[in-house]
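Enquirer: A single structure is presented below for examination.
The values are calculated or read from the model by the stated rules, or taken from the named source; none is laboratory data. Here the structure is a predicted model, which means the values were calculated and not measured. Note that each Cβ is placed from the backbone with ideal geometry, even for glycine, and that neighbours are counted across all protein chains shown.
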Amino acid sequence: MKVLIASTYFAPYSSGLSVYAFRLAEGLAELGHDVVVLTSRYKPELPLEESVHGFRIVREPVSWHISKGVLMPGLRGTARVWTTWADAVNLHLPQFEALTLAREARRQNKPMIVTYHCDLEISGSLINRLAGWVTQSIGSRVLARADVIVQNSLDYAESSRWLRPFLQKTREVPTPVDLTRVDAEDVRRFKQKWDITETDRVLGLAGRAAAEKGYEYLIQALPRVLERFPNARVIHAGTWKGVIGEEKYQARIDMMAAKFGERWRSLGYLSDEDFRAFFGACDVLVFSSLNRTESFGIVQIEAMLQGTPVVASDLPGVRQPVLKTGFGRIVSPREPAALADAICSVLDEDRHAHPAPETYLQGFGAAETARAYQKLLESCRA
């Protein structure tokens, strides 16, 4: 089957959405499908076309950046060409230009699966908020045209004002995760490389620096944690500088965290191997998300795979890994004292006292996700 996957951002851009789309494309290609990813050329130095991991990436030139989105005037023609080529289309929302693609898929009567990653809750300037509202409104019209909608969890879908009208065609499909385990020697080398001692209690943060992550609440919680665990330190892995639309937030967090010196450190973006070792080096992963722009959190599963418990916000979708496994704590968002107490509660326990929830975790393999999409695509074409 020839499958067109469309997403505003794709590798090398780093986000949960782009990682999901990459692993899905790779998984479908491994199942023997012919996969093309249509995305933005959000940086002019990126190639217009390239082939990686058995699939093809086509990048449409960008004329303007607006908030976290892009404008691509030539997309309509490109969408027509690749929709004509495809047997089925998979759109990833939120995506400002999704309606152009959805209309073309409907015009050509091509089956369309929409992967709905999250509602948009964008704060900041009027332009940012307006761009978010427009993108969300466009998404609603795309959802109405979809044959099937995929979400990470029905917990999230049932709580979304945008998804509730379409629950009858919404399906829960696990997020694609790399199930590779790290070994103790790789963790030891990682700690040595980054000057992490055996007595350090590492509070991990993972992902790009973005306002919905709620890092400021961990900063406010950290003094309370340090009272109990003076050797605690926060280590962040992921893109910190240069995240589109998050420059002011990054500067604010840098200023707030400066007083902690080396007890608050970002390692930047890591290789897949080093990310696994990072999760293995953490005593707890903190996932302090604030709003519905977070709908799950791939990094929670990645941490649990390496035996690391998670403290996560009690938000629809986000709370599911900890609720279903008991491997960590959930805590109300925006409450630094409660966050600190939850972190300390986890640190009080022997990290290895509770084994990682194997049965639950194995359901998140990228191959499993690709097979689930394959079944949905086949049912749409039947």
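Enquirer: Can you confirm whether Asp155 is modelled with pLDDT of 95 or more, more than 29 Å from Asp341 (Cα to Cα), out of contact with any strand residue (DSSP E or B) (no Cβ under 7 Å at 6 or more places or on another chain) and not hydrophobic (A, V, I, L, M, F, W, C)?
Expert: When the stated conditions are applied, Asp155 does not pass them.
Enquirer: Being of a type in the set (A, V, I, L, M, F, W, C), assigned by TED's automatic domain parsing to the domain that holds Lys191, touching an Asp or Glu at 6+ places or on another chain (Cβ under 8 Å) and crowded, with 20+ Cβ neighbours inside 10 Å: is that true of Val311 here?
Expert: No, not satisfied.
Enquirer: Let me ask you something else. Looking at segment 336-362, which of the residues that are at pLDDT 95 or above and aliphatic (A, V, I, L, M) is farthest from Pro321 (Cα to Cα)?
Expert: This residue is Ala337.
Enquirer: Does segment 273-292 hold any residues that are out of contact with any Asp or Glu (no Cβ under 6 Å at 6 or more places or on another chain) and either aliphatic (A, V, I, L, M) or over 24 Å from Arg161 (Cα atoms) (or both), and which are they?
Expert: Glu273, Asp274, Phe275, Arg276, Phe278, Gly280, Ala281, Cys282, Asp283, Val284, Leu285, Val286
Enquirer: Can you run down the residue pairs with Cβ atoms below 6 Å, 6 or more apart or on separate chains, where the first is in segment 170-195 and touching a residue at least 12 places away in the same chain (Cβ under 8 Å) and the partner is part of a loop (DSSP other than H, G, I, E, B) and surrounded by fewer than 18 Cβ atoms within 10 Å (Cβ to Cβ)?
Expert: Pro174/Gly363
Enquirer: Let me ask something else about it. Out of (1) in contact with a strand residue (DSSP E or B) (Cβ under 8 Å, 6 or more places away or on another chain); (2) farther than 17 Å from Leu290 by Cα; (3) hydroxyl-bearing (Ser, Thr, Tyr), the odd one out for Tyr215 is which?
Expert: It fails just one condition, (2).
Enquirer: So, one more: Return a yes/no flag: does segment 192-209 have any residue that is closer than 25 Å to His65 by Cα, assigned by TED's automatic domain parsing to the domain that holds Arg292 and not hydrophobic (A, V, I, L, M, F, W, C).
Expert: Checked segment 192-209: at least one residue is closer than 25 Å to His65 by Cα, assigned by TED's automatic domain parsing to the domain that holds Arg292 and not hydrophobic (A, V, I, L, M, F, W, C).
Enquirer: Also, I was wondering about something else. Going residue by residue through segment 339-346, is there one that turns out to be surrounded by fewer than 19 Cβ atoms within 10 Å (Cβ to Cβ) and under 23 Å from Leu226 (Cα atoms)?
Expert: Checked against the condition, which is being surrounded by fewer than 19 Cβ atoms within 10 Å (Cβ to Cβ) and under 23 Å from Leu226 (Cα atoms), segment 339-346 yields at least one hit.
Enquirer: With the condition kept exactly as written, say whether any residue in segment 316-327 is buried (at least 20 other Cβ atoms within 10 Å of the Cβ), within 24 Å of Gly16 (Cβ to Cβ) and without any contact (Cβ under 8 Å) to a residue 24 or more places away in the chain.
Expert: yes
Enquirer: Looking for whichever is in contact with a helix residue (DSSP H, G or I) (Cβ under 9 Å, 6 or more places away or on another chain) and closer than 20 Å to Gln95 by Cβ here; the options are Lys68, Lys43. Which one fits?
Expert: Lys68
Enquirer: Which condition number in (1) among the β-branched types (Val, Ile, Thr); (2) within 23 Å of Val35 (Cβ to Cβ); (3) in the same structural domain as Ala281 (by TED's automatic domain parsing) is the one that Thr369 fails?
Expert: (3)
Enquirer: Does segment 325-364 hold any residues that are touching a Pro at 6+ places or on another chain (Cβ under 6 Å) and not aliphatic (A, V, I, L, M), and which are they?
Expert: Matches in segment 325-364: Thr325, Phe327, Gly328, Gly363, Phe364.
Enquirer: Tally the residues that are surrounded by 11 or more Cβ atoms within 10 Å (Cβ to Cβ) and in contact (Cβ under 8 Å) with a residue 12 or more places away in the chain, restricting the search to segment 42-74.
Expert: 22
Enquirer: When only residues in segment 170-187 that are in a helix (DSSP H, G or I) and touching a helix residue (DSSP H, G or I) at 6+ places or on another chain (Cβ under 9 Å) count, which is modelled with the lowest pLDDT?
Expert: Result: Ala184.
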